[in-house]
Amino acid sequence: VALGIIALRKAIAPTVAAHAAIHGGEALAQQLRAIVQKMQAATELETMQQLAFEYWGHVVQGSGNVVFKLAFNSMNQTYLAAWHSLTEVMQEEFRDVATLAQLADAIGAGEHSRSEVLARQHIELGSRALSAAFSKPISNN
(Lines give C-alpha, C1' and ligand atoms only; values in the text may rest on other atoms or scores of the structure.)
Protein backbone atom coordinates (compact mmCIF):
# COMPACT_ATOMS: atom_id res chain seq x y z
CA VAL A 1 0.00 0.00 0.00
CA ALA A 2 2.76 2.44 0.92
CA LEU A 3 4.47 2.01 -2.45
CA GLY A 4 1.15 2.70 -4.18
CA ILE A 5 0.74 5.91 -2.19
CA ILE A 6 4.23 7.02 -3.19
CA ALA A 7 3.46 6.38 -6.86
CA LEU A 8 0.14 8.22 -6.54
CA ARG A 9 1.86 11.26 -5.00
CA LYS A 10 4.36 11.35 -7.86
CA ALA A 11 1.61 11.02 -10.43
CA ILE A 12 -0.87 13.60 -9.16
CA ALA A 13 1.11 16.28 -7.29
CA PRO A 14 2.40 17.99 -10.45
CA THR A 15 -1.07 17.98 -12.03
CA VAL A 16 -2.67 19.26 -8.83
CA ALA A 17 -0.12 22.09 -8.67
CA ALA A 18 -0.78 23.00 -12.31
CA HIS A 19 -4.52 23.14 -11.65
CA ALA A 20 -3.91 25.24 -8.54
CA ALA A 21 -1.96 27.72 -10.68
CA ILE A 22 -4.91 27.96 -13.04
CA HIS A 23 -7.64 28.18 -10.40
CA GLY A 24 -5.99 29.36 -7.16
CA GLY A 25 -4.34 32.59 -8.15
CA GLU A 26 -2.82 35.15 -5.85
CA ALA A 27 -5.20 34.43 -2.96
CA LEU A 28 -3.94 30.86 -2.77
CA ALA A 29 -0.34 32.00 -3.21
CA GLN A 30 -0.68 34.30 -0.19
CA GLN A 31 -1.89 31.39 1.94
CA LEU A 32 1.00 29.26 0.72
CA ARG A 33 3.54 32.03 1.37
CA ALA A 34 2.30 32.34 4.95
CA ILE A 35 2.90 28.61 5.45
CA VAL A 36 6.35 28.90 3.84
CA GLN A 37 7.24 31.67 6.30
CA LYS A 38 6.24 29.41 9.19
CA MET A 39 8.34 26.62 7.69
CA GLN A 40 11.34 28.93 7.39
CA ALA A 41 10.98 29.82 11.08
CA ALA A 42 10.42 26.22 12.19
CA THR A 43 13.22 24.47 14.02
CA GLU A 44 11.57 21.10 14.62
CA LEU A 45 11.20 18.59 11.84
CA GLU A 46 7.75 17.53 13.09
CA THR A 47 6.55 21.13 12.74
CA MET A 48 7.88 21.28 9.19
CA GLN A 49 6.11 18.00 8.42
CA GLN A 50 2.79 19.38 9.70
CA LEU A 51 3.24 22.61 7.75
CA ALA A 52 4.12 20.70 4.56
CA PHE A 53 0.95 18.67 5.02
CA GLU A 54 -1.01 21.91 5.46
CA TYR A 55 0.68 23.46 2.40
CA TRP A 56 -0.34 20.59 0.13
CA GLY A 57 -3.86 20.62 1.57
CA HIS A 58 -4.18 24.22 0.40
CA VAL A 59 -2.74 23.37 -3.03
CA VAL A 60 -5.28 20.56 -3.44
CA GLN A 61 -8.12 22.80 -2.27
CA GLY A 62 -6.95 25.52 -4.66
CA SER A 63 -6.92 23.13 -7.60
CA GLY A 64 -10.70 23.34 -7.74
CA ASN A 65 -10.92 19.64 -8.56
CA VAL A 66 -13.13 17.42 -6.40
CA VAL A 67 -11.46 14.22 -7.61
CA PHE A 68 -8.05 15.53 -6.53
CA LYS A 69 -9.53 16.33 -3.12
CA LEU A 70 -10.92 12.81 -2.79
CA ALA A 71 -7.60 11.25 -3.83
CA PHE A 72 -5.72 13.52 -1.43
CA ASN A 73 -8.03 12.64 1.45
CA SER A 74 -7.69 8.93 0.75
CA MET A 75 -3.92 9.17 0.43
CA ASN A 76 -3.73 11.15 3.66
CA GLN A 77 -5.52 8.47 5.65
CA THR A 78 -2.72 6.06 4.79
CA TYR A 79 -0.06 8.72 5.35
CA LEU A 80 -1.46 9.65 8.77
CA ALA A 81 -1.29 6.03 9.88
CA ALA A 82 2.47 6.12 9.31
CA TRP A 83 3.00 9.79 10.23
CA HIS A 84 5.72 9.35 12.87
CA SER A 85 7.68 6.77 10.94
CA LEU A 86 7.79 9.07 7.90
CA THR A 87 9.10 12.15 9.71
CA GLU A 88 12.78 11.25 9.52
CA VAL A 89 12.57 9.38 6.22
CA MET A 90 11.02 12.32 4.35
CA GLN A 91 12.96 15.11 6.03
CA GLU A 92 14.69 16.24 2.83
CA GLU A 93 11.28 16.96 1.30
CA PHE A 94 10.06 18.74 4.43
CA ARG A 95 13.18 20.91 4.47
CA ASP A 96 12.82 21.85 0.79
CA VAL A 97 11.21 25.17 1.68
CA ALA A 98 12.88 27.07 -1.17
CA THR A 99 11.05 24.99 -3.78
CA LEU A 100 7.75 25.44 -1.95
CA ALA A 101 8.33 29.21 -1.95
CA GLN A 102 8.98 29.12 -5.70
CA LEU A 103 5.89 26.98 -6.18
CA ALA A 104 3.77 29.48 -4.25
CA ASP A 105 5.06 32.25 -6.53
CA ALA A 106 4.40 30.20 -9.67
CA ILE A 107 0.87 29.42 -8.51
CA GLY A 108 0.28 33.10 -7.77
CA ALA A 109 1.49 34.05 -11.22
CA GLY A 110 -0.73 31.43 -12.86
CA GLU A 111 2.31 29.64 -14.28
CA HIS A 112 0.85 26.17 -14.57
CA SER A 113 3.80 24.59 -16.40
CA ARG A 114 6.33 25.95 -13.93
CA SER A 115 4.09 24.85 -11.04
CA GLU A 116 4.02 21.34 -12.44
CA VAL A 117 7.81 21.20 -12.75
CA LEU A 118 8.40 22.56 -9.25
CA ALA A 119 5.90 20.17 -7.68
CA ARG A 120 7.53 17.22 -9.46
CA GLN A 121 10.97 18.36 -8.30
CA HIS A 122 9.76 18.72 -4.70
CA ILE A 123 7.81 15.46 -4.47
CA GLU A 124 10.70 13.53 -5.98
CA LEU A 125 12.75 14.20 -2.83
CA GLY A 126 10.28 12.31 -0.67
CA SER A 127 9.72 9.64 -3.29
CA ARG A 128 13.43 8.86 -3.48
CA ALA A 129 13.70 8.72 0.31
CA LEU A 130 10.69 6.45 0.65
CA SER A 131 11.88 4.28 -2.20
CA ALA A 132 15.23 3.87 -0.49
CA ALA A 133 13.51 3.06 2.80
CA PHE A 134 11.47 0.37 1.07
CA SER A 135 14.51 -0.64 -1.05
CA LYS A 136 12.52 -0.55 -4.26
CA PRO A 137 12.45 1.92 -7.13
CA ILE A 138 9.17 3.81 -7.37
CA SER A 139 7.77 4.23 -10.86
CA ASN A 140 4.65 5.96 -12.10
CA ASN A 141 3.52 2.74 -13.77
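Figures for the structure shown
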item: Tabulated pairs, segment 104-120, first buried (at least 20 other Cβ atoms within 10 Å of the Cβ), second hydroxyl-bearing (Ser, Thr, Tyr), C-beta under 9 angstrom, 6+ apart or interchain; result: Ala104/Tyr55; Ala106/Ser113; Ala106/Ser115; Ile107/Ser115; Glu116/Thr15; Leu118/Thr99; Ala119/Thr15; Ala119/Thr99
item: Residue satisfying all of: in segment 16-40; out of contact with any Ser or Thr (no Cβ under 9 Å at 6 or more places or on another chain) and of a type in the set (Gly, Ala, Ser); most open to solvent (accessible area, probe 1.4 Å) among these; result: Ala27
item: Number of the exception - Met75 against (1) within 29 Å of Phe134 (Cα to Cα); (2) among the aliphatic types (A, V, I, L, M); (3) open to solvent by less than 30 Å² (accessible area, probe 1.4 Å); (4) at pLDDT 95 or above; result: (4)
item: Candidates Leu100, Leu70, Leu130, Leu45, filtered to the one that is open to solvent by less than 20 Å² (accessible area, probe 1.4 Å), at pLDDT 90 or above and over 20 Å from Ala29 (Cβ atoms); result: Leu45
item: Index of the failed condition, Asn73 passing every other in (1) in contact (Cβ under 8 Å) with a residue 40 or more places away in the chain; (2) part of a helix (DSSP H, G or I); result: (1)
item: Residue, farthest from Tyr79 (Cα to Cα), within segment 1-42, restricted to residues that are among the β-branched types (Val, Ile, Thr) and modelled with pLDDT of 95 or more; result: Ile22
item: Test: residue in segment 53-64 that is within 12 Å of the chain's Cα centre (by Cα), over 15 Å from Ile22 (Cβ atoms) and of a type in the set (Gly, Ala, Ser); result: yes
item: All positions within segment 82-93 that are in a helix (DSSP H, G or I) and either modelled with pLDDT under 75 or under 15 Å from Ile123 (Cα atoms) (or both); result: Trp83, Leu86, Thr87, Val89, Gln91, Glu92, Glu93
item: Pairs where the first residue, in segment 9-25, is at positive phi and the second is in a helix (DSSP H, G or I), C-beta under 9 Å, 6+ apart; result: Gly25/Gly62; Gly25/Ile107; Gly25/Gly108
item: Condition met for Glu116 (among the acidic types (Asp, Glu), farther than 21 Å from Ile22 by Cβ and part of a helix (DSSP H, G or I)); result: no
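The values are calculated or read from the model by the stated rules, or taken from the named source; none is laboratory data. The model shown is predicted, which means the values in this text are computed figures rather than measured ones. Counting neighbours? That spans all protein chains shown, and the Cβs are built from the backbone with ideal geometry, glycine included. Areas reflect the complete protein model, heavy atoms only, side chains present, ligands, DNA and RNA absent. Shrake-Rupley method; radii C 1.70, N 1.55, O 1.52, S 1.80 Å.
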